[in-house]
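Undergrad: Sharing a structure here in structure tokens format.
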Amino acid sequence: MKLAQFKTNDADHQRLGILIGDVICDVLELARAVKGAGANPADWLLEIDSTLGVIKRGPSALDDLNALLSHGTSSSPIRATSVHQVDAVQFLPAVYPSKILAIGRNYAEHAAEGGSDLPKAPLLFNKLPNALSAHGAPIVLPAMSEQVDYEAELAVIIGRRARRVSEADGLDHVFGYSLINDVSARDLQFGDGQWTRGKSLDSFAPLGPFITTPDEIPDVQTLKIEGVLNGQTMQSSNTSRMIFQVAYLVSYLSQGITLEPGDVIASGTPDGVGIFRKPPILLKPGDVFEVKIEKLGTLRNPVVATGD
């Protein structure tokens, strides 16, 4: 199942959507249509407008959604008001998390291209909530930086509260997976001596467009991941090459930081980032950067100058 948050051109309120084929179905509108046809969808579906609302309800929420889809595609027609073309909606961030925890140098080749030793433990930093952005939204180049870079990453969305969980139980606490671009102002990142500011400027965490549930991902550690700049592949790797895999990251972080439903782990980027190329290739106005991950889709963002 692929879930998204979006708005339409004719209304400003947030909606929860499910990808069905090549269209997005508005969950609330579908629930109303199914109820109007005489079925009895779960009551909460008649009010839902967010992925976080689904996540917090636990595993039964996906059962209710699947039952709704079954009714909507068999016993009653899906109304035209329930269905939207993917390219006709305004995507919102795939989830609004309480925190975004990011992992640095989690691919050996990326550590090597920057001249760093392999980390002995996950290298943790924050991306602050103001950085959160969406598929299709612009990455805004700030006046204070001249070295803004891209980083294609797998995003892990926490499904239930995780506190001191084992690695064996780590994936049991995952709701799903998405795509994130860990946009980085390298001059600020390296100049500050710590990474928070350079990684957390406004628009520096595009996330989405969808959250894909684990039933569609047989093995999260075998996914092709790419970063594509203006149609040219700059990063190409596989999540099998992570130094610290997803289950370990969930366990490691939860030992001292309680992970809440909806929290996001940005799991690290492969080699091929712009700053370490010779010469460096950094983001500029007019660029388009895409994160592509097998089975998850494509996160695409244009790049604009401040004030554009």
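Undergrad: Out of the total accessible area of segment 1-155 (probe 1.4 Å, heavy atoms of protein only), what percent is carbon and sulfur?
TA: The C+S portion of the solvent-accessible surface of segment 1-155 is 50 percent.
Undergrad: List residues of segment 244-264, by number, whose backbone nitrogen lies under 17 Å from a label position 7 Å along Cα→C-beta of residue 120.
TA: Flagged as within label range: 244.
Undergrad: Can you compute the FRET efficiency between residue 241 and residue 12 using 1/(1 + (r/R0)^6), with r the Cβ-Cβ distance and R0 = 45 Å? Round to the nearest 0.05.
TA: FRET efficiency, residue 241 to residue 12: 0.60.
Undergrad: Give the accessible surface of segment 261-301 per residue, rounded to a whole number of Å², with probe radius 1.4 Å and ligands, DNA and RNA excluded.
TA: 37
Undergrad: Among (i) 20.8; (ii) 15.7; (iii) 19.2, find the value of mean projected area of the Cα convex hull in nm² that was calculated from the structure presented, and write down its label.
TA: (ii)
Undergrad: For labels at residue 88 and residue 130 in the simple 7 Å Cα→Cβ model, what's the distance in nm?
TA: 3.7
Undergrad: Would you mind getting the accessible area per residue of segment 8-167, heavy atoms of the protein chains only, 1.4 Å probe, in Å²?
TA: 47
Undergrad: Let me ask something else. Counting each DSSP H run of 4 or more residues in the chain as -39500 (n - 2.57), what helix-only mean residue ellipticity at 222 nm follows after dividing by all residues, to the nearest 500 deg cm²/dmol?
TA: Taking each H run of at least 4 residues, the total per residue is -5000 deg cm²/dmol.
Undergrad: Among all the lysines, which ones have a C-alpha under 23 Å from residue 2's C-alpha, if same-chain residues fewer than 8 places away are not counted?
TA: 35, 56, 99, 224, 292, 295
Undergrad: While we're here: Of all DSSP beta bridges located in segment 64-217, what percent are antiparallel, nearest 5?
TA: Among the beta bridges of segment 64-217, antiparallel pairing accounts for roughly 90 percent.
Undergrad: Work through the residues other than residue 247 whose Cβ is under 14 Å from its Cβ and net out their charges, Lys, Arg +1 and Asp, Glu -1. Please report the intermediate quantities before stating the final value.
TA: Values: positive: none; negative: 167, 169, 172, 219.
Combined, the nearby Lys, Arg, Asp and Glu give -4.
Undergrad: Quick one: pull the percentage of alpha-carbon pairs in segment 189-232 with a separation above 14 Å.
TA: 73
Undergrad: Right, something else. With the contact rule set at Cα under 8 Å and sequence spacing of 6 or more, what percent relative contact order holds for segment 109-236?
TA: 30 percent.
Undergrad: I need the phi-derived Karplus couplings for segment 161-167: 6.51 cos²θ - 1.76 cosθ + 1.60, θ = phi - 60°, integer Hz, Gly and Pro marked x.
TA: With coefficients 6.51, -1.76 and 1.60, one gets 3, 10, 9, 6, 8, 7, 4 Hz.
Undergrad: With only alpha-carbon atoms in the gyration tensor, what are the semi-axes of the equivalent ellipsoid for segment 211-269, in Å, largest first?
TA: 24, 14, 12
The values are calculated or read from the model by the stated rules, or taken from the named source; none is laboratory data. All values derive from a computational prediction rather than experimental measurement. Note that each Cβ is placed from the backbone with ideal geometry, even for glycine, and that neighbours are counted across all protein chains shown. Just the protein is used for accessible areas: all its heavy atoms, side chains included, with ligands, DNA and RNA removed. Shrake-Rupley method; radii C 1.70, N 1.55, O 1.52, S 1.80 Å.
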